[in-house]
Structures are given as structure tokens and as C-alpha cells.
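K.L.:
Below you will find the structure I want to go over with you.
Quick note: the coordinates plus some simple rules give every number you see, no bench work behind them. The model shown is predicted, which means the values in this text are computed figures rather than measured ones. Glycine gets a Cβ as well: all are built from the backbone with ideal geometry, and neighbour counts include every protein chain shown.
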Amino acid sequence: MASQAPVLILLGPPGAGKGTQARMLEEAFGLVQLSTGDLLRAAVAAGTEAGRAARAVMEAGQLVSDEIVLAILKDRMVQPDVARGVILDGFPRTDGQAAALDALLASAGQRITAAVSLEVDDEAMVGRVSGRYSCGTCGEGYHDQFKQPAQAGTCDKCGGTAMKRRADDTAETVRERLKAYHAQTAPLIAYYDGKGVLTRIDAMGPIAEVQDALAGIVGRVAA
Ligand code: AP5
């Protein structure tokens, strides 16, 4: 079991910094970020059957059905790059998804390496999410206040100039997403604590501080 590739879970409400931190960990440790939100948005953009079913649910700030999410995740988990180790960003989000992940890993002789809960204040998350935008070319994330590109309107990473905002990033929808998080996802913190794999991180500080705390945890398990 010691030789298995790391399987890391990032838990936290909308705006906690899961995507921001997962991308940094991907670069620093050579792991693969698996974001079910990104996979679902790609399905919506491609107009697949799953994407058509998910679109209105996502725009309302509710959770997409386990059936759709698990089908999309399993398709992604069989890609060869996943063998390097994964950071699960936004998955699992329900008891059913957590049980399905356990079964999927067990069938491959694997287990969860670490789960990290990014702990934040709800009200601050409304501002974080509604100020967010990203590069339409490479996906690098920015924020009106907290993380601006060096040159306004130009991506630091790829030089792209087409910035975009998500349809579900209105203050009203963020509040619905926070409700869904507390009702259906927050109970998973106790679930992973019970398994002995959970670490809690204060994610209200600057991005770099949260990154240092996470890198310490991942460095220990991904070494
Ligand atoms: P998803 O895409 O997963 O969105 P989310 O969980 O709501 O999380 P966000 O992407 O909004 O926030 P984040 O924690 O990644 O924060 P970020 O790093 O961007 O899901 C969207 C929808 O898809 C769901 O509502 C649901 O409908 C569906 N879905 C997805 N997965 C599902 C699943 N498993 N089951 C069912 N449905 C599912 O940071 C936010 C902003 O803050 C950025 O601008 C960033 O620069 C800034 N920031 C980050 N950290 C800091 C910091 N420390 N200080 C200041 N600013 C910061």
C-alpha cells in the first residue's frame, strides 16, 4: 500500500480555494487535479446528455445527481495520467459519492491517502466567489481583489486575453451552493476524520499561507 500513488481529497465550501490550491499542488508535486465541477462544465459546454441534464441544476446552485457525477468521474479515472496520483477537487460531495470512491479505490487495491478540509467563514465566501474570474484559454484563476494578473486583462500564465466568469457565481447562487455544502458535503469531514486521514486547515489567510500549509501535508504523503 505504501507504493500507491497519492489520492488526496480537498473538502471545502464554494470559494474555499480548492481549485486555486489544487492547481498549485498539481504543479508542485506532479499530481493530477480532478475537479468534478470542471468536468461537469466541460460536459455542459460540449452539450453531452450528462451536460444537458446538469446545466440547470448547476445554475440553481444544487448538487448534480450522484449517477451523473460518478459516471463522469469514473471515465476520467481510467485515463493514464491518473497513475501519477490525484487531487480530488469538489469530489466526493455526498455520502453516496464517498462510498462509491471507497469502493472504486478498494477494487484497485488503493485507499485515500489524505483528506484536507479548508475551513472558512461563509459570508467571506460570497465575496470571494462573486469576484472570481479565469483565463478562457488556460483556466488560470484570478480575483477582482485578491489575485489580479500583473497586466490587467492578460493571463500571467499563458498570455491569453479572454477572461471569463462562471454562470453560477452570482451572490444569490453562491448562497444556495453554501446551503448544499452544509447539508450534503460538510458531514464528510467527520467521515474522513473517522478514517484517520483528515487534516483541517484555516483557509481564511492569504493564498500563499494556505499553500504552504497544504504543501507540508502533501509533501509528507506524496514523497
Ligand atoms: P465546483 O466547480 O466544484 O464549485 P465549488 O465547490 O462551489 O467551488 P468553487 O469552484 O466555487 O470554489 P473553490 O473552492 O474551488 O475556490 P477557488 O479556488 O476558485 O462545482 C460547481 C457546481 O458543479 C456545484 O455547485 C454542483 O452543481 C456541481 N458539482 C461539482 N462537483 C459535484 C459533485 N461532486 N457532486 C454534485 N455536484 C457537483 O477560489 C475562489 C476565489 O477566491 C478565486 O478568485 C481565488 O483566486 C480566490 N481565493 C482562493 N483562495 C483565497 C485566499 N486564501 N484568500 C483570498 N482569495 C482566495
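K.L.:
How much of the DSSP beta bridge set in the chain is antiparallel, as a percent to the nearest 5?
P.N.:
Details: 7 of 24 bridges.
Around 30 percent of the beta bridges assigned by DSSP in the chain are antiparallel ones.
K.L.:
Taking only the alpha-carbon atoms of the chain, what semi-axes of the equivalent ellipsoid follow from 5 times the gyration tensor eigenvalues under a square root, in whole Å, largest first? Provide the component values of the computation, followed by the final result.
P.N.:
Numbers: eigenvalues 126, 86, 67 Å².
Each semi-axis is √(5λ); the values are 25, 21, 18 Å.
K.L.:
Right, another one. Pop a pseudo-label 7 angstrom from the Cα along the beta-carbon direction at both Glu176 and Ala71 and give the gap in nm to one decimal.
P.N.:
2.2
K.L.:
Show me, for segment 4-20, the HN-Hα J-couplings you get by feeding each phi into the Karplus relation (A = 6.51, B = -1.76, C = 1.60, θ = phi - 60°), rounded to Hz, glycine and proline as x.
P.N.:
5, 5, x, 10, 10, 10, 9, 9, x, x, x, x, 5, x, 4, x, 4
K.L.:
Determine the dipole magnitude for segment 9-70: charges of +1 sit on the beta-carbon of Lys and Arg, -1 on that of Asp and Glu, nothing else is charged, the reference point is the Cα centre, and the result goes in debye to the nearest 20. Present the calculation step by step, with values, prior to reporting the outcome.
P.N.:
On the way: 5 positive and 7 negative charges, 30 e Å.
The calculated dipole for segment 9-70 is roughly 140 debye.
K.L.:
Now a separate question. State to the nearest 20 debye the size of the charge dipole of segment 1-153 about its Cα centre, where the only charges are +1 on K and R beta carbons and -1 on D and E beta carbons. Each step should come with its number before you reach the end.
P.N.:
Numbers: 13 positive and 18 negative charges, 58 e Å.
So the magnitude is around 280 debye.
K.L.:
Turning to a different aspect of this structure: Past 24 Å, Cα to Cα: identify those pairs from Lys18/Lys74; Lys18/Lys195; Lys18/Lys147; Lys18/Lys157; Lys74/Lys179, in the order given. Kindly include the intermediate steps, with their values, before the conclusion.
P.N.:
Numbers: Lys18/Lys74 20 Å; Lys18/Lys195 21 Å; Lys18/Lys147 15 Å; Lys18/Lys157 19 Å; Lys74/Lys179 27 Å.
Distance filter (> 24 Å) returns Lys74/Lys179.
K.L.:
Sequence-distant or interchain residues sharing an amide H contact under 5 Å with Leu11, placed H: which?
P.N.:
Val116, Ser117, Leu118
K.L.:
Simple spin-label model, 7 Å along Cα-to-Cβ: Glu209 to Ala190 in nm?
P.N.:
Each label point is offset 7 Å from its Cα along the Cβ direction, giving 2.9 nm.
K.L.:
Hey, another quick one. Using Cα-Cα distances under 8 Å and only pairs 6 or more residues apart, what relative contact order does the chain have, in percent? Walk me through the numbers before you get to the answer.
P.N.:
Working: 323 pairs, mean separation 67.0, N = 223.
Relative contact order here is 30 percent.
K.L.:
Net charge around Gly136, counting only other residues with Cβ within less than 13 Å of its Cβ (Lys, Arg = +1; Asp, Glu = -1)?
P.N.:
Values: positive: Arg41, Lys157, Lys164, Arg165, Arg166; negative: Glu140.
Charge balance near Gly136 sits at +4.
K.L.:
Further question on the same structure: First select every other residue whose beta carbon is under 15 angstrom from the beta carbon of Lys195; then total the charges, Lys and Arg +1, Asp and Glu -1.
P.N.:
Values: positive: Arg111, Arg200; negative: Asp95, Asp102, Asp193.
Once positives and negatives cancel, what remains is -1.
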